[in-house]
Amino acid sequence: MATIEDDYKRPLTEIYKELPHDTQKWVDENTDKVLIYFRFWCFFILFSSITIGFFIAFDFINEPIGKLIQRVGSIIPFLAVLGEALFIVKINKLASVIHPAQLTCEIYMQRKFKVLVNISVVLTFLFVGIGSILSGYGDLLFSL
């Protein structure tokens, strides 16, 4: 039997095979949930981007384009952080559930979805940065 330190280095398939059958079943169910949450997060970000583009394209806010970009820029960080919070909170709750195979199961879940969590964090950081810049300097883009 491997030690906890080994669980951080061993292949995930090897860890999965050593889990009891009930724990494997639990992991499979929660893996599906995490993937559903990630798809929901992707849909939320895509829908938010399309909605923001729609507001700009169809001129729903009667202001010059520079001011409009500023308004949109202030909404982008809020939407990005909201989507991130909903997704990351759900994954962390699933990964840190107290379970009979406790630490090994938690290590497995965290390692399995590390890439998804990192992608969402990077995209959120990018959206917050772009939104902040547009919010502060959006009107300057069209002031010439």
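The values are calculated or read from the model by the stated rules, or taken from the named source; none is laboratory data. The model shown is predicted, which means the values in this text are computed figures rather than measured ones. Counting neighbours? That spans all protein chains shown, and the Cβs are built from the backbone with ideal geometry, glycine included.
Filtering the stretch 1-24 to residues that are more than 19 Å from Phe113 (Cα to Cα) and in a loop (DSSP other than H, G, I, E, B) leaves Met1, Ala2, Thr3, Pro20. Counting only helices (runs of 4 or more DSSP H) wholly contained in the stretch 46-144, the ones carrying 2 or more residues that are at pLDDT below 80, in contact with an Asp or Glu (Cβ under 6 Å, 6 or more places away or on another chain) and not β-branched (Val, Ile, Thr) occupy 65-95.
State whether the residues of the stretch 25-40 include one that is part of a helix (DSSP H, G or I), more than 25 Å from the chain's Cα centre (by Cα), among the charged types (D, E, K, R) and exposed (fewer than 11 other Cβ atoms within 10 Å of the Cβ). No: the stretch 25-40 contains no residue that is part of a helix (DSSP H, G or I), more than 25 Å from the chain's Cα centre (by Cα), among the charged types (D, E, K, R) and exposed (fewer than 11 other Cβ atoms within 10 Å of the Cβ).
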